[in-house]
Amino acid sequence: MTSLSKTKTNEILTLQEMYERYPDQWILIAYTKLDENLNIIRGEVLAHAKDYDQLYENSLPRKGKSIAIEYTGTVDDDIPVIL
């Protein structure tokens, strides 16, 4: 089982910076800015993990924060994705 890593930096990053800092991981983001299509522009990484289930189990509740989960890796074209 992979471990969940919680961050305590309170650092606001752009989505690109998050992808660079946490490659091929699931990241829990308290977002602070979205674009007109509701895509994350910037926010704070609260936690990250290689295993989605472990991150999801630890993602709630986040009282008073707008959160999202993103995957920073690539997904093969033959893998179905449900949003």
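The values are calculated or read from the model by the stated rules, or taken from the named source; none is laboratory data. Quick caveat: nothing in here was measured; it's all calculated off a predicted structure. Using ideal geometry, Cβ is built from the backbone for each residue, glycine included, and neighbour counts are taken over all protein chains shown.
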task = Report yes if some residue within segment 64-75 is at pLDDT below 90, more than 21 Å from THR9 (Cβ to Cβ) and assigned to a loop (DSSP other than H, G, I, E, B); otherwise report no.
result = yes
remark   = Filter segment 1-13 for residues that are touching a Lys or Arg at 6+ places or on another chain (Cβ under 9 Å) and over 12 Å from GLU70 (Cβ atoms); the one that is modelled with the highest pLDDT is ILE12
remark   = Residue pairs within 6 Å by beta carbon, gap of at least six or interchain, first lying in segment 39-62 and outside any helix (DSSP H, G or I), second at pLDDT 90 or above and among the hydroxyl-bearing types (Ser, Thr, Tyr), listed first then second, are ILE40/TYR31; ARG42/THR14; ARG42/THR32; GLY43/TYR31; GLY43/THR32; HIS48/TYR22
request  = Filter segment 49-63 down to the residues that are out of contact with any helix residue (DSSP H, G or I) (no Cβ under 7 Å at 6 or more places or on another chain) and under 22 Å from THR14 (Cα atoms), then identify the one that is modelled with the lowest pLDDT.
outcome  = ARG62
